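S.K.: My structure is below; once you've seen it, I'll send some questions.
The values are calculated or read from the model by the stated rules, or taken from the named source; none is laboratory data. What you see is a predicted model; the values in this text were computed from it and never measured. Please note: Cβ atoms are built from the backbone with ideal geometry, for glycine as well, and neighbour counts cover all protein chains shown.
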Amino acid sequence: MSLMGRNFLLVSLLSLSLLGCETVRTTQGGAVGVDREQRMSVSAQAIEQSAAKQYATLMNDARKKGKLNPDAVEYDRVKKISDKLIKQVPAFRADALNWRWEVNVLSSDEVNAWCMPGGKIAVYTGLINKLKITDDELAAVMGHEIAHALREHSRERASEQAVASIGITIVSAVVGLGQIGQQGMEYAYQGLLGLPNSRAHETEADRMGVELAARAGYDPRAAITLWKKMGNVSGNEQPKFMSTHPPRAERVQDLTVYSARVLPLYQEAIAKRP
């Protein structure tokens, strides 16, 4: 088969595999204008059920090891911030207010935080202690992670990978590429499609995160200082073309623009404080 024929076959089969996807809008655009349509082939229910089970397992394991919410004061601080952020999620999707939200603090040196599908949040003590994080910066982190859940990025990635896996397997079998050729196609997919999409997810979460923080009464500009701190902790960043996160300079520049855009929301929230 000619190269042109193989390319045509690849495009055709991948296009057919996409027919099982539905196009959805998981969120409203908000003030930051995140309104990209998403294609999903995996159900939201399946993702949320899996996330809930995984979260319960992780929390039970942490509890057994004495690493779940080790400091009551620290937990109360994180819970207070998360509660304020969660109240603002209707700005992007009203149904998320009814999710079974949970938040816990895990004792770990890792500089990390995440929010699983359905609103299952974890913040690591390493993030708090190593960054000497302020409330405004913590709101930026948690707003970013909550945004991933609101946009159902995990579901989108699972859908994308499921479709790609099917397409690559079919094409490899038809064209006769063999195992090595199939692996090469998978690497090419990750470099050309998979990773750039992940960077798009990070940018969306950054923009939505500063809006959630601003609406909750936290200074959105803290996201800028936060990611500068993160960059200093993480050290040298990976090359852009093989990174799942935007380069630090680009990220700071984008956050500068969007934190300024939502600053009036922060000022309005501050003005309403008793």
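S.K.: Which helices (runs of 4 or more DSSP H) sit wholly inside region 161-274 and have at least 2 residues that are modelled with pLDDT of 90 or more?
M.R.: 195-215, 222-234, 248-261, 263-271
S.K.: I'd like to know if region 19-32 contains one or more residues that are in a helix (DSSP H, G or I) and either at pLDDT 50 or above or farther than 21 Å from residue 99 by Cα (or both).
M.R.: Taking every residue of region 19-32 in turn, at least one turns out to be in a helix (DSSP H, G or I) and either at pLDDT 50 or above or farther than 21 Å from residue 99 by Cα (or both).
S.K.: Which residue out of 89, 123, 103, 78 is buried (at least 19 other Cβ atoms within 10 Å of the Cβ), in contact with a Ser or Thr (Cβ under 6 Å, 6 or more places away or on another chain) and in contact (Cβ under 8 Å) with a residue 24 or more places away in the chain?
M.R.: Working: 89 fails: in contact with a Ser or Thr (Cβ under 6 Å, 6 or more places away or on another chain); 123 fails: in contact with a Ser or Thr (Cβ under 6 Å, 6 or more places away or on another chain); 78 fails: in contact with a Ser or Thr (Cβ under 6 Å, 6 or more places away or on another chain).
Exactly one of 89, 123, 103, 78 is buried (at least 19 other Cβ atoms within 10 Å of the Cβ), in contact with a Ser or Thr (Cβ under 6 Å, 6 or more places away or on another chain) and in contact (Cβ under 8 Å) with a residue 24 or more places away in the chain, namely 103.
S.K.: Grab the helices (runs of 4 or more DSSP H) fully contained in region 41-152, keeping just those with 2 or more residues being under 18 Å from the mean Cα position of the chain (by Cα), modelled with pLDDT under 95 and of a type in the set (Gly, Ala, Ser).
M.R.: On the way: elements: 44-64, 72-86, 125-130, 135-150.
By residue number, 44-64.
S.K.: Now for a different question. Can you run down the residue pairs with Cβ atoms below 7 Å, 6 or more apart or on separate chains, where the first is in region 127-150 and under 22 Å from residue 267 (Cβ atoms) and the partner is in a helix (DSSP H, G or I) and of a type in the set (D, E, K, R)?
M.R.: If the second residue must be in a helix (DSSP H, G or I) and of a type in the set (D, E, K, R), the pairs left are 144/206; 147/204.
S.K.: What tally of residues in region 25-64 results from selecting those that are of a type outside the set (D, E, K, R), surrounded by 14 or more Cβ atoms within 10 Å (Cβ to Cβ) and closer than 12 Å to residue 155 by Cα?
M.R.: 9
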